[in-house]
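The values are calculated or read from the model by the stated rules, or taken from the named source; none is laboratory data. Only a predicted model underlies this, so the values are computations on that prediction, with no experimental measurement involved. Quick reminder, even Gly has a Cβ in these numbers, built from the backbone with ideal geometry, and neighbours come from all protein chains shown. The accessibility values were calculated without ligands, DNA or RNA, using every heavy atom of the protein model including side chains. Shrake-Rupley method; radii C 1.70, N 1.55, O 1.52, S 1.80 Å.
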Amino acid sequence: MSAHGPARPLSAHAAGPLTGQADVPGDKSISHRSLILGALAVGETRVTGLLEGQDVLDTAAAMRAFGAEVTRHGPGAWSVHGVGVGGFAEPDQVIDCGNSGTGVRLVMGAMATTPITATFTGDASLRGRPMGRITDPIAQFGAAAHGRKGGRLPMTIVGAAQPVPVRYVTPMPSAQVKSAVLLAGLNAPGQTTVIEAEATRDHSERMLAGFGAEIVTETTTEGRVITLTGRPELRPQTIAVPRDPSSAAFPVCAALIVPGSDVLVPNIGLNPTRAGLFETLREMGADLTYENERLEGGEPVADLRARFSPDMAGVEVPPDRAPSMIDEYPILSVVAANASGATRMLGVKELRVKESDRIDAMARGLEACGVRVEETEDTMTVHGLGAGQVPGGATCAARLDHRIAMSFLCLGMATRKPVTVDDAGPIATSFPIFETLMCGLGARFAEG
Ligand code: S3P
C-alpha cells in the first residue's frame, strides 16, 4: 500500500521513569523471508509471531498475487500454501510493496528466474530508492528490467525463460542483495554463488537450509562465500519468528536516556549479524545486561535489561560493525546526543539509501534540537551534550521513515522541551504497537 493517509504529527514529552516489560513484535527480516520461502515450498508452512506491520502485509499480498495461498489465523499466526520453486504465476496486477525495500528486492529476486512478467511500485520513499543493485545481478541470470531513470520504481521485471546460475560478488554490504541473488538462484540449474566481503544478516541462508535447500557458507580471504544448489524441492516448515532486535532498540535506548528507567525487553535474538548496537551501547557505558541467555532454534537469545545510564560517553563505532547495526544508527545517534563527548560512526554511507537519507534526516533533526552533528558522505559524528542536556523543542521531519520517526520520539522523552515528528504514520510499517507499548512503559505522547 503506497499511502498511509494524511500526515499525523506526534509530540513526545519528557517522560517519568520508563519501567516494566516491553514485548516487541516479530522480526521484520525473518517475517518477510517466512512468507517468501513459504510461497516457494510445496505444501503448507505455518508461521507464528509474524510481524503484522505494513511492510510484511505488503509482502503477504505480493505472495498471493504470485499464486500462493496466504491466510491469517489469528494474531501473528499465519499459513502459506506454497507453489514450489519455479511455480510462481504471473500477477495480473501491479505489485505495490509500499515502503519496503526488503519486500520489493527479495520478491524481485524470487521471481527473476521464472518466465513471468511483473511490475513493481511503492510509496514515494521506495520509488526514490536504487534498484540497480538488484537488476544488475538478476540480469546475469537472464532477467530483464525496465524501470525509470536511475533504476527506480515503477519497474517491470521479465523473468528469465532459461536461467543460468551466477557467481556474484556483492558490491556493497547488503543482505537484501545477497538474498535476492540466492532467491533467484533457487530456480537456476546448477550452483549459484554469492560472495560478500563483510558479513551481513544471514537469515536467508539459515532459513533456506531449514527449508531443505543445499546451501554452504565458507569463510575465505574474499569474505563469505555462499553456494546454493538450484532447483531444490523446498519442504514446508513450522516457523516461530523471534522478536526483532531492531525494534527492541527503541525501548532499550529510551530506557538508557530517561532518568530512573528500568525496562526488560524479553526474548531478543542476539545473532551476531544483528547485535552490533548492543555491543556499542555497552562500550559507551550503558547499563544494559543480558539475562537468561539461551539458544532458541539455533539462535542466541536473551532478555535485555536496560536501566537509566547517566554516565555514557561517546565512542568510535568501527566501519566493520556497520552491517550488524545498519538500522540502528538513527537511535544510536539519539543515545549519543545524551552521552558526553563525540560519537563517531564510520563506514555508514549505506544509510543514505535507506527509507530516507538517514544521515541527513538525523543530522537536521538533531541540530534543530540543539545538538551539533558533523557528516561526510560516509561518516556521522554526534557531539553529545550529556544526560538530560538536549534542549529539544523542535519539529523533526520523519521523511516517510519509521526509524527516523521513532528515534525522534525517543529523543523527546529525555529533552527539556518536547520533540515533535511531523508524521508518525510510517511507524506502522515495522512497529505498529510502538505508541501503546512505549506509553505502557511511561512515555507521554500528544497528537499534533
Ligand atoms: C534487511 C537488510 C538491510 C536492512 C533492512 C532489512 C533484510 O538492508 O537495512 O532493514 O531484511 O535483508 P540492506 O541489505 O540494504 O543493508
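Here the label points at T379 and A342, each 7 Å from Cα along the C-beta direction, are separated by 0.7 nm in the simple model. The modelled label-to-label distance between D422 and E279, using points 7 Å beyond Cα along the C-beta direction, is 3.7 nm. Once the C-beta distance of D311 and Q191 is scaled by a Förster radius of 35 Å, the resulting FRET efficiency is 0.10 to the nearest 0.05. Entry for the chain at q = 0.06, 0.12 Å⁻¹: log10 I(q)/I(0) = -0.24, -0.97, Debye formula applied to identical alpha-carbon scatterers, no solvent contribution.
Shown for the chain: the carbon plus sulfur share of the solvent-accessible area, taken with all protein chains present and a 1.4 angstrom probe, equals 51%. Heavy-atom accessible area, probed at 1.4 angstrom with all protein chains present, ranks T415, T395 as T395, T415, highest first. Each Cα pair under 8 Å and six or more residues apart adds its separation to the average, and for the chain the resulting relative contact order is 20 percent. Would you compute the Debye intensity of the stretch 370-448 from its alpha-carbon atoms alone, equal scatterers and no solvent, and pass along log10 I(q)/I(0) at q = 0.21, 0.27 Å⁻¹ to two decimals? Debye intensities relative to I(0), on a log10 scale: -1.04, -1.33. Remark on R8: its backbone amide H falls under 5 Å from those of A424, G425, a criterion applied only to residues 5 or more positions apart or on other chains, H modelled at 1.01 Å from N. Taking 0.36 nm per residue of separation and subtracting the Cα-Cα distance, full extension of the segment from H146 to R231 would add 28.0 nm. Determine, from the Cβ-Cβ distance of E296 and H73 and an R0 of 22 Å, the FRET efficiency 1/(1 + (r/R0)^6), rounded to the nearest 0.05. FRET efficiency, E296 to H73: 0.50. Counting only DSSP H runs of at least 4 residues, each contributing -39500 (n - 2.57), and dividing by the residue count of the chain, the helix-based mean residue ellipticity at 222 nm comes to -8500 deg cm²/dmol.
Once the piece of chain linking T121 and V164 is laid out straight, how much longer is it, given 0.36 nm per residue of separation minus the C-alpha distance between them?
Length difference between fully extended and current span is 12.8 nm.
Along each principal axis, taking the top coordinate minus the bottom one, the Cα set of the stretch 142-239 gives 36, 31, 27 Å in descending order. Summing +1 for each Lys or Arg and -1 for each Asp or Glu among the other residues whose beta-carbon sits under 14 angstrom from that of A41 gives +1. Here's how it looks for V83: its modeled amide H is under 5 Å from those of L40, A41, which are all 5 or more places away or on a different chain. When its C-alpha radius of gyration is set against 2.2 N^0.38 Å (N residues), the stretch 28-230 gives a value of 0.93. Counting Lys and Arg as +1 and Asp and Glu as -1 over every other residue whose Cβ lies under 12 Å from the Cβ of A118, the net charge comes to -3.
If you only keep lysine pairs separated by 8 or more in sequence, or across chains, how many in the chain come under 22 Å at the Cα atoms?
Within the chain, the lysine pair count is 6.
Our coupling estimate for the stretch 294-311, obtained by passing each phi through the Karplus curve with A = 6.51, B = -1.76, C = 1.60 and θ = phi - 60°, is 7, 10, 10, x, x, 10, x, 9, 8, 8, 8, 10, 10, 10, 3, 10, x, 10 Hz, Gly and Pro reported as x.
Fully extended, how many nm does the chain gain between V42 and D23 (0.36 nm per residue separation, minus their Cα-Cα distance)?
On the way: separation 19, 0.36 × 19 = 6.84 nm, distance 3.30 nm.
That works out to 3.5 nm of additional length.
Under a 5 Å amide H cut-off, with hydrogens placed 1.01 Å from N, G147 pairs with T156 among residues at least 5 apart or on other chains.
Where does the charge balance sit around I433 when Lys and Arg score +1, Asp and Glu -1, over other residues with C-beta under 10 Å from its C-beta?
On the way: positive: none; negative: D23, E52, E435.
Once positives and negatives cancel, what remains is -3.
With protein chains left intact and a 1.4 Å probe, residues in the chain average 34 Å² of accessible area per residue. Using alpha carbons only, how many angstrom separate the centre of the stretch 360-375 from the centre of the stretch 234-298? Cα centres, the stretch 360-375 to the stretch 234-298: 26 Å.
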